[in-house]
Structure formats: structure tokens, C-alpha cells
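See below for the structure under consideration.
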Amino acid sequence: MGDSQSMRVAESRNRVPDVVVITGMSGSGRTQALHVFEDMGYFCIDNLPPRLMLQLAELVGINSGVGRHLAVTCDLRSQGLFDEITESLSQLREHELSCQVVFLDTSDEVLMRRYDENRRRHPLAKPGESLASAISRERAQLSAVRDAADLVIDTSKLRTQALRTRLRRAFSELTDQQLMEVSVFSFGFKHGMPVEADLMIDVRFLPNPFYDPEMRRLTGNDRKVADFVLNNEVTSKFLEAWYQLLDVAMPGYVAEGKSHLSIAVGCTGGQHRSVAIANATAAYLEKAGYHVSLSHRDLSLANVRTS
């Protein structure tokens with residue numbers, strides 16, 4: 001990680017609150033927002049009575065220095081729910097826990113359309129009450145909460161990806177690319193193609209160590225095989241093009257808000273070439289600042305030297 005990126009992460013850690021309360025108009029996107037916080041590693045609870053926030057924060061260790069944060073949603077479905085918010089936030093601060101309130105708002109027109117398209121009944125509507133009346137009543141009841149919120153986001157014309165970006169930039173300790181989990185794995189085509197791969201590259205065109213008796217029972221994790229695969233003109237040209245492709249594709253996936261990306265590297269048996277290239281790919285992406293996990297799906301099936 002570069003110096004400037006390290007500084008940005010340090011600054012984020014100083015400003016990211018321990019507890020985030022997500023509230024707002026019904027139908028404005030609270031559930032989607034909670035999913036974003038879940039992807040960011042927050043401990044998330046939907047529709048939590050505010051009086052339980054301190055107890056929950058202590059229960060899951062938010063105040064123990066483990067670096068985890070709590071995100072909860074609150075709405076008006078429980079009687080007197082918001083009367084407790086101010087007191088609950090004060091209790092959190094008394095216990096040296098920082099907290100912020102995010103209010104999601106949406107215009108009446110958009111809310112009416114969303115409920116009509118989804119054929120849903122407004123959760124606060126009384127028997128016989130019109131949708132317009134329920135929305136108006138909820139807005140009036142939430143006006144004080146909206147005024148006191150730390151961040152108000154109007155989702156009327158906001159796509160889910162844009163909402164995700166706003167919340168990530170405001171409440172994540174990590175950069176956008178660090179938030180995307182990247183799984184790189186090798187496999188052998190003779191054992192079946194992986195169905196879970198987002199990107200798959202076939203490296204069976206590379207020189208094959210299998211035909212050298214000294215390397216046949218080794219793997220791409222062995223230095224001799226790795227050198228054979230990587231240190232030749234064909235592989236050098238391939239890796240140059242492969243890395244250029246990743247340099248273009250990876251930021252695009254990040255910009256789309258993809259939370260997990262799976263990259264599969266395949267050769268015939270998943271023992272030599274795919275293992276070496278998967279290792280090189282993972283190292284390249286880690287150096288670029290991505291959070292990478294590396295595995296070799298079919299290596300346990302290979303006929304390898306055990307002594």
C-alpha cells in the first residue's frame with residue numbers, strides 16, 4: 001500500500017463511527033443500505049429498538065478495541081421508538097462510542113410509485129388509510145429526526161450503486177478496491193470447469209512442465225516448475241497482456257460496486273501451469289492493493305511427489 005493510500009485509510013479510521021443508525025422514510029432504501037454496511041464488515045441488525053444499542057454494542061465487542069463497527073436500522077413500526085434515539089445516542093457517547101445517524105429520504109411521488117409497482121402496503125398505514133396519507137403522516141413524524149441526522153441522502157433518483165458508493169466513502173475504513181474480495185484459484189479442465197468464475201483464463205497454450213520427467217510430479221508451487229512456466233518468452237508476452245487486461249477490468253468491477261470477484265486460471269490438470277499463473281496473478285493484484293485469497297482447487301488430485 002502506498003503512502004497516500006495509507007494516509008487515506010488512517011484518516012478513514014479516525015472518522016468512521018463505532019455505531020451507525022440508519023433510518024428514514026419507509027421505502028427509501030434502508031434495507032439496501034444495511035446490506036452495504038454488511039458488505040463493509042459491520043455487525044448489522046435490522047429494526048433494532050434504540051434502547052438496545054448500547055447493550056448490543058457491548059455484547060458484540062464494538063467497544064473492545066477489535067475494530068468492528070455496528071449498523072442498525074430503526075423505523076416507526078414500534079410505538080415511541082424514536083423517542084428513545086436521543087437518549088440512546090447519549091448513552092453511547094457516555095461510553096466513549098462514536099455514533100452517527102443516516103437519514104434516507106425519498107420524494108412522495110417516488111414513494112407512491114415504488115409501493116404501487118411492488119404492490120406493497122405501507123407498513124404504517126392504518127386500516128382504510130390511503131397511501132398518500134400514510135406517507136404524509138410518516139414524514140411529519142420523522143421531521144425532527146431528519147433535522148438532527150448527521151447525513152441525509154435523497155434516494156429519489158439515486159441508483160443502488162450510487163447509494164453504495166456514497167455510504168462506502170463515508171463509512172468505510174478501506175478503499176473501494178480493498179472492499180472487493182478477490183478470489184484467485186487454479187483448476188484443471190479435466191476435472192470440470194468452475195461455474196462460479198467471473199473471469200476465467202485458459203493457460204493450456206503455455207509450455208507444459210508435465211513432459212519433463214523431473215517436474216512431472218512437482219507442482220506450480222515448486223520453484224523449478226514456477227521458473228519453467230514464468231521464465232519463457234510466451235509466458236512473458238501473455239502476462240504482459242493479462243496484467244493489462246486486469247488493469248482495465250478490475251477498476252471497472254470496483255466502480256460497479258462488486259463485493260466479490262472470482263478469477264479462475266485453468267490448465268489441463270490444475271497442477272503446473274495454472275498454479276504458477278494463479279500465484280503470479282494473486283501477487284500482482286495484492287501489490288495493486290486488492291484483498292486477495294488464493295487457492296488451488298484440483299491440486300489435491302494431482303500425482304505429486306510426497307517425499
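For the stretch 236-266, which positions are over 24 Å from the mean Cα position of the chain (by Cα) and closer than 27 Å to HIS191 by Cβ? If the condition is that a residue be over 24 Å from the mean Cα position of the chain (by Cα) and closer than 27 Å to HIS191 by Cβ, then PHE238, LEU239, ALA241, TRP242, GLY266 are the ones that fit. Could you list all residues from the stretch 256-287 that are free of Cβ contacts under 8 Å to residues at least 24 places away in the same chain and among the small types (Gly, Ala, Ser)? Listed by number, the list holds a single entry, ALA283.
VAL152 falls short on exactly one of the conditions (1) under 30 Å from THR86 (Cα atoms); (2) open to solvent by 20 Å² or more (accessible area, probe 1.4 Å); (3) touching a strand residue (DSSP E or B) at 6+ places or on another chain (Cβ under 8 Å); (4) assigned to a helix (DSSP H, G or I), and that condition is (4). Taken together, the residues in the stretch 170-194 that are open to solvent by 30 Å² or more (accessible area, probe 1.4 Å), over 19 Å from HIS35 (Cα atoms) and hydrophobic (A, V, I, L, M, F, W, C) amount to 2. For the stretch 287-306, taking the residues that are of a type in the set (S, T, N, Q) and outside any strand (DSSP E or B), the one that is farthest from VAL184 (Cα to Cα) is identified as THR306. Residues in the stretch 247-270 that are more than 23 Å from VAL229 (Cα to Cα), in a loop (DSSP other than H, G, I, E, B) and of a type in the set (Gly, Ala, Ser) were compared, and the one that is least open to solvent (accessible area, probe 1.4 Å) is GLY257.
Which members of the stretch 195-218 meet the condition of being assigned to a loop (DSSP other than H, G, I, E, B), surrounded by fewer than 17 Cβ atoms within 10 Å (Cβ to Cβ) and not charged (D, E, K, R)? The answer is VAL195, PHE205, PRO207, PRO213.
The values are calculated or read from the model by the stated rules, or taken from the named source; none is laboratory data. Just so it is clear, the model here is predicted, and its values are computed rather than measured. When we count neighbours, we look across all protein chains shown, and the Cβ atoms used for this are built from the backbone with ideal geometry, even at glycine. Just so you know, the surface numbers come from the protein's heavy atoms only, side chains and all, with ligands and any DNA or RNA stripped out. Shrake-Rupley method; radii C 1.70, N 1.55, O 1.52, S 1.80 Å.
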